[in-house]
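Student: Quick one: the structure is below, and I'll ask about it shortly.
What follows draws every value from the coordinates through simple rules; no lab data is involved. Everything numeric here is computed off the predicted structure, so don't read it as measured data. Here the Cβ is made from the backbone with ideal geometry for all residues, glycine too, and neighbour counts use every protein chain on show.
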Amino acid sequence: MHCPFCRSTDTRVLDSRVAEDGSAIRRRRTCPSCEKRFTTVEQMQLTVLKRSGTSEPFARDKAIAGARKALKGRPVSEDDLARLGQTVEDTLRAGGWAEVPAHEIGLAILNPLRELDEVAYLRFASVYRGFESADDFETEIAMLRAERATPPDVELIEPTPEPQPTG
């Protein structure tokens, strides 16, 4: 590790801590040459296994670019897109993959995109899943409607009986 101040290669680790989400390690370092301190972050490199058999580092920008095409003309902000990209990356990292198959990235995009914008979700799904007819769209729309009509699980709490006065 090179010191960012003097470029010395002789640095020493003072403290190591696992980041809050467990996906990275923060290290506090010191340089014996210039005596300055600095922090480094080590993070697992997420690798994508492409259909061709080649591997490349995961690029959040590529995932966002795919979603951006589906969102063209839709009322979605850049912040929403950035959050979608972070959600996709978090989902993939949580999967514990050494190499993520390329099709898993598409699957990781589908759910957050559906929550963000249903029209964009249909656009993305039609390309990703290879819709071939209007029937494919109708089936997917019916599924979206069914999900929307199903109420979330509600936990019913029994009222506790009031204490009866004694005497």
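Student: Looking at the chain, I'd like the Rg to Rh ratio, where Rg is from alpha-carbon atoms and Rh is Kirkwood's inverse mean 1/r. Display every interim value, and only then the final one.
Tutor: Values: Rg = 24.5 Å, Rh = 20.3 Å.
Rounded to two decimals, Rg/Rh equals 1.20.
Student: Taking 0.36 nm per residue of separation and subtracting the Cα-Cα distance, what length does fully extending His2 through Ala65 add?
Tutor: Working: separation 63, 0.36 × 63 = 22.68 nm, distance 3.39 nm.
My answer for the length gained is 19.3 nm.
Student: Here's another thing I want to ask about it. Hey, quick one: spin label on Asp79, modelled 7 Å out along Cα-Cβ, who in region 91-131 has an amide N within reach, i.e. under 17 Å?
Tutor: Answer for this model: 116-117.
Student: Could you calculate the contour length gain from Ala134 to Arg17, that is, 0.36 nm times the residue separation minus the distance between their Cα atoms, to one decimal place in nm? Don't jump to the answer; show the numbers that get you there.
Tutor: Working: separation 117, 0.36 × 117 = 42.12 nm, distance 5.32 nm.
Result for the pair: 36.8 nm of gain on full extension.
Student: Now, a different point. Can you list, largest first and rounded to whole Å, the semi-axes you get for region 55-106 by taking the square root of 5 times each eigenvalue of its Cα gyration tensor?
Tutor: Numbers: eigenvalues 97, 26, 13 Å².
Semi-axes, largest first: 22, 11, 8 Å.
Student: Additional query: So which lysines can Lys72 reach, going by Cα to Cα under 19 Å and dropping same-chain residues fewer than 8 places off?
Tutor: Answer for Lys72, where 19 Å is the Cα cut-off: Lys62, listed by chain and number.
Student: Still on this structure: Any idea what angle helix 102-116 forms with the longest principal axis of the chain, computed on alpha-carbon atoms, 0 to 90 degrees, nearest 10?
Tutor: 60 degrees
Student: Could you give the angle, 0 to 90 degrees to the nearest 10, between helix 118-128's Cα long axis and the longest principal axis of the Cα atoms of the chain?
Tutor: Computed tilt is about 70 degrees.
Student: Mind jotting down the distance between the C-alpha centroids of region 32-51 and region 1-27, whole Å?
Tutor: 8 Å
Student: Here's a follow-up. Treat each spin label as a single point 7 Å out from the Cα along the C-beta direction, and report the Lys72 to Ser126 distance in nm.
Tutor: 1.3 nm
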